[in-house]
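Asker: Once you've had a glance at the structure underneath, I'll fire off some questions.
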Amino acid sequence: MEPTSTDEEHIHVGETADGAPVELPTVDILTGRAFLTGKSGSGKSNTASVVIEELLDAGFPVLIVDCEGEYYGLKEEFELLHAGADEECDIQVGPEHAEKLASLALEQNVPVILDVSGFLDEDASDELVRETARQLFVKEKKLKKPFLLVVEEVHEYIPEGAGMGETGRMLIKVGKRGRKHGLGVMGISQRPADVKKDFITQANWLVWHRLTWENDTKVVGRIVGSEYGEQVSELDAGEAFVQADWTDDAVSRIQFKRKRTFDAGATPGLDDFERPELKSVSEGLMDDLASISEREEREADRIAELEEELAAKRERINELEEELRSARNVSMAARQMANVLTAEGVQTTLPTDSDEDVEALRTKVERLEDALDEEKPESYDIEEIQEKFRERGEELTDGTPDTESGEDTDTAEDSQSERVDALLESPSVRVRVEAAIRESQCNEERARRLLDELDGRRTAHDLCEAASLPIGDAQSLLDALRSRRLVTRNGDREYAFDGEELRRLARGDDPRGAVSELSDQWRFE
């Protein structure tokens, strides 16, 4: 939309005490840094709306960060995009829409109300404001088009003292460096004492409506002058002291006119409330925003599917590993018992077809190993999920059911006190470790790095960071070590070497002990 005002260089906002009209220079308003303040009911938001109405009348779009849902009344007369979290908005948006919102405002001249009053997640709201301001700043470096960013409740983003976050620093950057690119900012707050003083003192035009709190009037006294600090509490509704770089007068007392559009921020009374007929932007302008929302939903659904699939695979792997461990134990014990009894000349009571049964066990072991190989998730699946969650700032659990929450904590503590490095040098232990490495998808160099970091109890993610491994490699090796009882995992998903098992292996297996153990559990399937 092109400017339509006959005098694009000035906007009319009110009159002086003697009735003279007050006009503000349009370019200075669009590209400058402004600070508007006043207590509730003093006319602060009305003044902001008057300035915005005049700019929209002249064909200049603005973007308003609306923290209280007060500005949708502008749609009574103007076509604005009302974007936010509520269903009453034209479209629901999140941080992923920031770049498109800035593009609509700057490149397609669409005025935008960014209504953050309906967000339950403060972090999402904060990120949306920050990223939108960032995109405006980036785009203006190329476009250099006069444009105004209006920020209500600016003390929430730029507080006095400590507590300013990334969004506040981004707004400070816009205030300091935006003007030379054409981007201005208007900060609005009812408590000047709560706003960072650097922002106020560097503003090139300021509007002081009625203030009564002593801390606030002291700010007026320090910045404007003591006489104005004493008088600011006596101003009528709509009246304000105005300071501006473009006028010779140090301070002017101005009565701002009433805004024309619906006052959505008025305090509710007993009179009947009737929402006015509001204008809407064309549906075509919102197609791209809607497609961004749909893409985000599809990605979220895909992440959920991948996580569910990963959890199911982990659960199936655990089942197969447990079954495989049991089959291996029975197969080994059967052979050990047969060898011992034969060596001692004892008349065996095994069934005559024991060789066939042992062979059947070997076949079962092979079948289970094949099934386990098929169930192992590919590393790129895990990494794909992990990367998606990193983009969303979340942590990905491995989805594995906690099957060892009841493990003996005393054993875990003992394992930490053992000289694990010495036990790992035992031939019996080393054979099992090397077999686990071969079974996993982790190469030997990476595996050794992980084993070096496995001191005490540590989560898979901690081990990944310490050893610089992909999560898929680390999880694959830890699973292989667990299947050979070399490593345990507790209810907090922390891994550690099983010191008791390592010591048993280092002492050497006792075939007679295996026969004794087998006598209680021998079963042919």
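The values are calculated or read from the model by the stated rules, or taken from the named source; none is laboratory data. Note that the structure is a prediction, hence the values are computed from the model and not measured. Note that each Cβ is placed from the backbone with ideal geometry, even for glycine, and that neighbours are counted across all protein chains shown. These area figures cover heavy atoms from the full protein model, side chains too; ligands, DNA and RNA do not enter into them. Shrake-Rupley method; radii C 1.70, N 1.55, O 1.52, S 1.80 Å.
Asker: Answer yes or no: is there a residue in segment 167-178 that is open to solvent by 20 Å² or more (accessible area, probe 1.4 Å), out of contact with any Lys or Arg (no Cβ under 8 Å at 6 or more places or on another chain) and closer than 21 Å to SER45 by Cβ.
Answerer: No - not one qualifying residue is present in segment 167-178.
Asker: Same structure again: All but one of (1) hydrophobic (A, V, I, L, M, F, W, C); (2) open to solvent by 40 Å² or more (accessible area, probe 1.4 Å); (3) farther than 21 Å from VAL174 by Cβ hold for VAL27, so report the exception by its number.
Answerer: Here VAL27 clears every test but (3).
Asker: For segment 197-214, name all the residues that are open to solvent by 30 Å² or more (accessible area, probe 1.4 Å), at pLDDT below 95 and touching an Asp or Glu at 6+ places or on another chain (Cβ under 9 Å).
Answerer: Matches in segment 197-214: LYS197 only.
Asker: Name the single residue that is nearest to GLY118 (Cα to Cα) among those in segment 70-89 being under 23 Å from the mean Cα position of the chain (by Cα) and of a type in the set (A, V, I, L, M).
Answerer: Residue satisfying both the conditions and the ranking: ALA85.
Asker: Checking the structure you have, find out if any residue of segment 217-228 is in a loop (DSSP other than H, G, I, E, B), open to solvent by 30 Å² or more (accessible area, probe 1.4 Å), at pLDDT below 95 and of a type in the set (D, E, K, R).
Answerer: From segment 217-228, those in a loop (DSSP other than H, G, I, E, B) are 224-225; that's our starting set.
Narrowing further to those that are open to solvent by 30 Å² or more (accessible area, probe 1.4 Å): none.
Within segment 217-228, none of the residues are in a loop (DSSP other than H, G, I, E, B), open to solvent by 30 Å² or more (accessible area, probe 1.4 Å), at pLDDT below 95 and of a type in the set (D, E, K, R).
Asker: Of the conditions (1) closer than 18 Å to VAL62 by Cα; (2) open to solvent by 40 Å² or more (accessible area, probe 1.4 Å), THR132 satisfies every one except a single condition; which number is it?
Answerer: Of the numbered conditions (1) closer than 18 Å to VAL62 by Cα; (2) open to solvent by 40 Å² or more (accessible area, probe 1.4 Å), the odd one out for THR132 is (2).
Asker: Conditions: (1) in a helix (DSSP H, G or I); (2) modelled with pLDDT under 85. PRO401 meets all but one. Number of the miss?
Answerer: Condition not satisfied by PRO401: (1).
Asker: I'd like the full set of residues that are within 11 Å of GLY43 (Cβ to Cβ) and buried (at least 19 other Cβ atoms within 10 Å of the Cβ), limited to segment 231-265.
Answerer: Result: LEU235, GLY238, GLU239, ALA240, ILE254, PHE256, LYS259.
Asker: Working carefully through the options GLY187, GLY168, GLY175, find the one that is closer than 13 Å to VAL65 by Cβ, part of a helix (DSSP H, G or I) and either basic (Lys, Arg) or in contact with a Phe, Trp or Tyr (Cβ under 7 Å, 6 or more places away or on another chain) (or both).
Answerer: Working: GLY187 fails: part of a helix (DSSP H, G or I); GLY175 fails: closer than 13 Å to VAL65 by Cβ.
The unique qualifying residue is GLY168.
Asker: Identify all residues within segment 114-130 that are under 19 Å from LYS173 (Cα atoms) and touching a His at 6+ places or on another chain (Cβ under 9 Å); write none if there are none.
Answerer: Of everything in segment 114-130, just one residue is under 19 Å from LYS173 (Cα atoms) and touching a His at 6+ places or on another chain (Cβ under 9 Å), namely LEU128.
Asker: Answer yes if at least one residue in segment 10-23 is of a type in the set (S, T, N, Q) and open to solvent by less than 30 Å² (accessible area, probe 1.4 Å), and no otherwise. Can you show your working first?
Answerer: Looking only at segment 10-23, we keep the residues that are of a type in the set (S, T, N, Q), and these are 16.
Add one more test, that the residue is open to solvent by less than 30 Å² (accessible area, probe 1.4 Å), and what stays is none.
Checking segment 10-23: not a single residue is of a type in the set (S, T, N, Q) and open to solvent by less than 30 Å² (accessible area, probe 1.4 Å).
Asker: Across segment 139-158, what is the number of residues that are surrounded by fewer than 17 Cβ atoms within 10 Å (Cβ to Cβ) and either within 20 Å of GLN190 (Cβ to Cβ) or modelled with pLDDT of 95 or more (or both)? Step through it out loud before you land on a result.
Answerer: Going residue by residue through segment 139-158, those that are surrounded by fewer than 17 Cβ atoms within 10 Å (Cβ to Cβ) are 141-144.
Checking the rest, the ones that are also either within 20 Å of GLN190 (Cβ to Cβ) or modelled with pLDDT of 95 or more (or both) come to none.
Selection size over segment 139-158: 0.
Asker: Considering only segment 103-113, I want to know if a residue exists there that is surrounded by 20 or more Cβ atoms within 10 Å (Cβ to Cβ), at pLDDT 95 or above and touching a Cys at 6+ places or on another chain (Cβ under 9 Å).
Answerer: Within segment 103-113, one or more residues are surrounded by 20 or more Cβ atoms within 10 Å (Cβ to Cβ), at pLDDT 95 or above and touching a Cys at 6+ places or on another chain (Cβ under 9 Å).
Asker: Please tell me if VAL50 is in a strand (DSSP E or B) and crowded, with 22+ Cβ neighbours inside 10 Å.
Answerer: On the way: in a strand (DSSP E or B): no; crowded, with 22+ Cβ neighbours inside 10 Å: yes.
No, not satisfied.
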